[in-house]
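To keep things clear, I will list the structure first and then write my remarks on it.
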Amino acid sequence: METMPESERRALRDAALAGGDAARVAFESLWERFRARLVVYARSWRAFGASDADDAASEALIAAFRGLSRYDAARPLEPWVYAVASRRFSDLARAAARRPARAFAEGELEALADASRGHDEALARGELVDRIRAAIAELPDAERRLAVLAFYEELSSAEIGRILSMPPGTVRWRISVLRRRLEAAFPEAVHAR
């Protein structure tokens, strides 16, 4: 994931606060940059199906846009948006706790990879990708969120820690454990690198 330059972050925040057409353009920019990625990230909450994840991503983007006055443009925008989204998704997931768990739909993780930097091109297509996607979908909720943020969004352990409210060392340890489990389950993916 490419980080937005500080000058663009400041311009986005300032345009949002200015109101009018400038705010509309700022919201559209935020929407284009994050919507598809947040839909996939929302699916790491088992409470969200495809349409629920779409709605949750929209609500998270609205919350992020409304909160831009509290955003420090000297810091990267991406982890801040994911932190806002995490809080919103948690609220929505608690409200939907009685719904059955759902797996990732066909193509969702690939869409995230294509939207960020084409990770799936580095993996062999076909059955291996399907098996890895299914394995990630079966992870416990916290590990699924960690996998999406680490492996697809390529956020740093410090950024993930801020999003998930845990120390960076704990994030690194959990990523290491998760990576070892996935490598043991899919040795052919390790050799395909």
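The values are calculated or read from the model by the stated rules, or taken from the named source; none is laboratory data. Given the structure is predicted, the values throughout are model-derived calculations rather than measurements. So basically every Cβ, Gly included, is an ideal-geometry build from the backbone, and we count neighbours across all protein chains shown. Ligands, DNA and RNA are stripped out before the accessible areas are found, and what is left, the full protein with its side chains, is counted by its heavy atoms. Shrake-Rupley method; radii C 1.70, N 1.55, O 1.52, S 1.80 Å.
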- At a 1.4 Å probe radius, carbon and sulfur cover how many percent of the accessible area of the range 1-88? 49
- Note on the structure: Note to self: with every protein chain in place and a 1.4 Å probe, the range 6-98 gives an accessible area per residue in Å² of 46
- Residues GLU28 and GLU138, FRET efficiency given R0 of 25 Å [Cβ-Cβ distance, rounded to 0.05]: 0.10
